[in-house]
Amino acid sequence: MIIVLSGRQRREQSEYFERLFRLRHDIFIKRRGWALPSINGCEIDQYDDADAVYFLEVDDRDDIRGTIRITPSAKSSLLADCFPHLNESGTALRAPDIYECTRYIALSALKTRQENRAAKSRIISAMLEWSLQHKLTFLQTVIETSTLAAYLELTSQTVPLGLSHPYGGGRRAPGGGDCMAIRWPVTLQVLEEVRAYGEPEAPFWVPGESDRAGRDVPLTLH
């Protein structure tokens, strides 16, 4: 199930927010070594304000399995505030109809390739549906350069805004690496491509390929 929360609901939905911030602390600070502010085991920054929108996927036990935060770039933009050098396209980074995606997490229960794809598709599709409903034009974000191919696989409409640059002291420093900025247009085509990314890969039959009983063997595209 996907839950959509507003930053204005932090007191009303305090249990979800506390679990969300603790998950972010575990993923981004403990596992990835990012130098981020934290309070009592919770990762919270200046963009966790009233205007932020949070997408949470919860499982049958109500555990958070996926999340993305988006913020209105006109007010809250990590890209414009901290990484403006990543934008070499000359396009504006702030506008009322441009939102910025940060703190993306997608955890699959089965750890299989297909479930990983499905987990990504579910949480990102929810964000895109909301963005279409609210008539946004673009979603933008800063990504690890090494993940660009994965974003291109999600949708062919992934547009880099510039070249790759080191951050946090570079990839050899703890919590450092190489990053770049990308942008997605908010369109039905992008939503359909992301949904298709998470669908089971259909088996197909190869003429002449048979098992020991003489039956054709289904193969799966990867």
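The values are calculated or read from the model by the stated rules, or taken from the named source; none is laboratory data. The structure presented is a predicted model; accordingly, all values stated were derived computationally and were not measured. Here Cβ is always computed from backbone atoms with ideal geometry, including for glycine, and neighbour counts include all displayed protein chains.
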Selection over region 35-51 where residues are in a strand (DSSP E or B) and either surrounded by 14 or more Cβ atoms within 10 Å (Cβ to Cβ) or touching a Pro at 6+ places or on another chain (Cβ under 6 Å) (or both) yields a count of 3
Quick count over region 1-22, residues being in contact with a strand residue (DSSP E or B) (Cβ under 8 Å, 6 or more places away or on another chain) and of a type in the set (Asp, Glu), is 1
Restricted to region 143-166 and to residues being hydrophobic (A, V, I, L, M, F, W, C) and farther than 19 Å from residue 128 by Cα, the residue surrounded by the fewest Cβ atoms within 10 Å (Cβ to Cβ) is 149
Of the listed residues (174, 166), the one being touching a residue at least 24 places away in the same chain (Cβ under 8 Å), over 22 Å from residue 57 (Cα atoms) and not in a helix (DSSP H, G or I) is 174
For region 23-65, the count of residues that are touching a residue at least 40 places away in the same chain (Cβ under 8 Å) and on the phi > 0 side of the Ramachandran plot equals 1
Those residues of region 85-128 which are under 16 Å from residue 186 (Cβ atoms), within 11 Å of the chain's Cα centre (by Cα) and either among the charged types (D, E, K, R) or at pLDDT below 95 (or both) amount to 100
Residue set 69, 8, 94, 19; condition closer than 22 Å to residue 130 by Cα, of a type in the set (Lys, Arg) and assigned to a helix (DSSP H, G or I); output residue 8
Does residue 140 meet the test of being of a type in the set (S, T, N, Q), surrounded by 14 or more Cβ atoms within 10 Å (Cβ to Cβ) and either under 14 Å from the mean Cα position of the chain (by Cα) or within 20 Å of residue 97 (Cα to Cα) (or both)?
-> yes
With the first residue restricted to region 102-124 and required to be farther than 9 Å from residue 65 by Cα and in contact (Cβ under 8 Å) with a residue 40 or more places away in the chain, and the second required to be part of a helix (DSSP H, G or I) and of a type in the set (A, V, I, L, M, F, W, C), Cβ contacts under 6 Å at 6 or more apart or on different chains are 102/78; 121/194; 124/194
Would it be correct to say that residue 193 is among the acidic types (Asp, Glu), in a helix (DSSP H, G or I), modelled with pLDDT of 95 or more and more than 14 Å from the chain's Cα centre (by Cα)? yes
